[in-house]
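Q: Below is the structure I would like to discuss, written out as structure tokens.
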Amino acid sequence: MRIVLKRQISSVSYSVRMSVFISERRPELLPLLKAVQEAEEKKENSVKYMNKTLFQSFSEKFVINILEELKILDLIDSDYSLSPRGFEALEEETILTPDEGAFEIRTVKDVLLPQVIIDFKRLDPNLDRELKESLDGRTEKKIVLPNHVLKTEGTKLRTLEKRPRLVDIHEINKIGIVNRNSVVNLDILLTYSEGKWKSKVVIQNKEFSFPFPEGYEHKLLVDQLLKIISPNADLKRWRIPQNPSNLQLSEVNSFLKNFDKKSIKLGDLGNFSQVKFYDVSIFPDCQISAILWAKTIFLERKCFLYLVGNQYEIQWKEMLDEFSDLKDFKLDIPKRDELLDELEFGSQKYWFLKAPEDMLLEEVISFD
């Protein structure tokens, strides 16, 4: 079973001055950090260790200059030992490099999205002065950024790109400018598949996934949604009772059906404009429905030869054994005449059922 809930939210774009660290692939720095780590583990002086392992032909002053560069990048501490950023760089195999200036950010506020800033773009450095002058001067577009945006200071985010970058927001100016055409509606999806819920945002027809909010019982959410389809839903086996007369033949045969609901509320997770259920298990809603369901499947799957002798009973029993949703009703085998009423007179299946009795085919055909 798969479930997709959908709603739209508004995203807002701002121009703001920020101080950040942005991940970049700097493979040439990784061996240097590894050497610093090895020197710590061996309890050796980092300068001397790197001088004898990586830079035998260079002076210690040259090594110190390299270490100072690493310190500027906040990858090592003042004593030339790995900083937390340095350890993270080795694990992620990327380097967080500092950047400061004007950025364009797109923000959202939704319980399903733990990340407030979903789009992050460095503006032309030439705009730094222009933005600073705008922020210092008077403009109707200048505002105090919302609290949920300001709270991103000191947090990390991953850009929503083909190759995501890690951004560590060191400082964000409290005053920003609302960009032209800043408000854009985005689709938020809550999906359930293979026992897990996921949150997604759709940007330019591309889906980006986020961890599902903590504190929610996954099974209980499915239970609530199935109850929306039918108050009589079987929550132990996640099945929906149905009358086969309202189903397509493919649904009767597969015991699966898709459902579509609009405008629902799912507790603290809020309102959704649409919910789609795919491949939900279904079963007969009563004894009469079970009989009709069984007859339909029997005629579709088992009535393909002249059922002489006890073959009629055997095929019926095999059919019930194959489908536990029918076997639960303990159905008696119907008389042939009951099934003949369901068939077009003169059809091939009609004669498969009728001929063994009408023409005494048992006397000339044997399956033993």
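Q: Calculate the dipole size of the chain relative to its Cα centre from +1 charges on Lys and Arg beta carbons and -1 charges on Asp and Glu beta carbons; express the result in debye to the nearest 20.
A: Using only the charged Cβ atoms, the result is roughly 1360 debye.
Q: What are the residues whose amide H is under 5 Å from the amide H of Asn179, where those residues sit 5 or more places off or on another chain and H is modelled from the backbone?
A: Ser13, Tyr14, Ser15
Q: Could you go through the stretch 148-156 in sequence order and give the Karplus-derived ³J(HN,Hα) for each residue, using 6.51 cos²θ - 1.76 cosθ + 1.60 with θ = phi - 60°, rounded to whole Hz, and x for Gly and Pro?
A: Whole-Hz 3J(HN,Hα) from phi for the stretch 148-156: 5, 7, 5, 6, 6, 4, x, 10, 10.
Q: Now a separate question. Rounded if a/c is under 1.5, else prolate if a/b is larger than b/c, else oblate: which is the stretch 190-252, with a ≥ b ≥ c the root eigenvalues of its Cα gyration tensor?
A: It comes out oblate by the Cα gyration axes.
Q: What are the ³J(HN,Hα) values, in whole Hz, obtained from phi via the Karplus relation 6.51 cos²θ - 1.76 cosθ + 1.60 with θ = phi - 60°, for each residue of the stretch 214-222 in sequence order, with x given for Gly and Pro?
A: Each residue of the stretch 214-222 in turn: 7, x, 10, 7, 4, 5, 5, 5, 5 Hz.
Q: Same structure, new question: For the chain, what relative contact order do you get, as a whole percent, if you take Cα pairs closer than 8 Å and at least 6 residues apart?
A: Relative CO of the chain lands at 19 percent.
Q: Whose amide H sits under 5 Å from the amide H of Ile76, counting only residues 5 or more places off or on another chain, with H placed in the peptide plane?
A: Lys71, Ser83
Q: Measure nothing fancy, just the Cα-based angle from helix 311-322's long axis to the longest principal axis of the chain, in degrees from 0 to 90, nearest 10.
A: That works out to roughly 20 degrees.
Q: Here's a follow-up. Which of rounded, prolate or oblate describes the stretch 8-111 when judged by the alpha-carbon gyration tensor and an a/c cut-off of 1.5?
A: The shape class here is prolate.
Q: Could you list which residues have their amide H under 5 Å from that of Thr97, counting only those 5 or more apart in sequence or on another chain, with H placed in the peptide plane?
A: Ile22, Ser23, Glu24
Q: Taking Cα atoms, how many degrees apart are the long axis of helix 287-297 and the longest axis of the chain, rounded to 10 and kept between 0 and 90?
A: Once rounded, the angle reads 90 degrees.
Q: A further question on this structure: Would you calculate, for the chain, the mean residue ellipticity at 222 nm contributed by helices, counting each DSSP H stretch of 4 or more residues as -39,500 (n - 2.57) and dividing by all residues, to the nearest 500?
A: For the chain, the value works out to -9000 deg cm²/dmol.
Q: What is the antiparallel percent of DSSP beta bridges lying wholly in the chain, to the nearest 5?
A: 95 percent
Q: Taking the Cα atoms only, what angle lies between the long axis of helix 30-41 and the longest principal axis of the chain, rounded to 10 degrees?
A: With both axes taken from Cα atoms, the answer is about 80 degrees.
Q: Sticking with this structure for a sec: Just to check I understand the Karplus step: with θ = phi - 60° and J = 6.51 cos²θ - 1.76 cosθ + 1.60, what whole-Hz values come out for the stretch 325-333, glycine and proline as x?
A: Coupling constants for the stretch 325-333: 5, 8, 4, 4, 8, 6, 7, 7, 6 Hz.
Q: Right, next: Given Ile172, Ser83, Leu70, which one lies farthest toward the positive end of the charge dipole of the chain, if we put +1 on the Cβ of every Lys and Arg and -1 on the Cβ of every Asp and Glu?
A: In the chain, that residue is Ile172.
Values quoted throughout were computed directly from the atomic coordinates according to the rules given, and no laboratory measurement underlies them. A quick note: this is a predicted structure, and the numbers were derived from the prediction, not measured. Neighbour counts run over all protein chains shown; Cβ positions are idealised from the backbone, glycine included.
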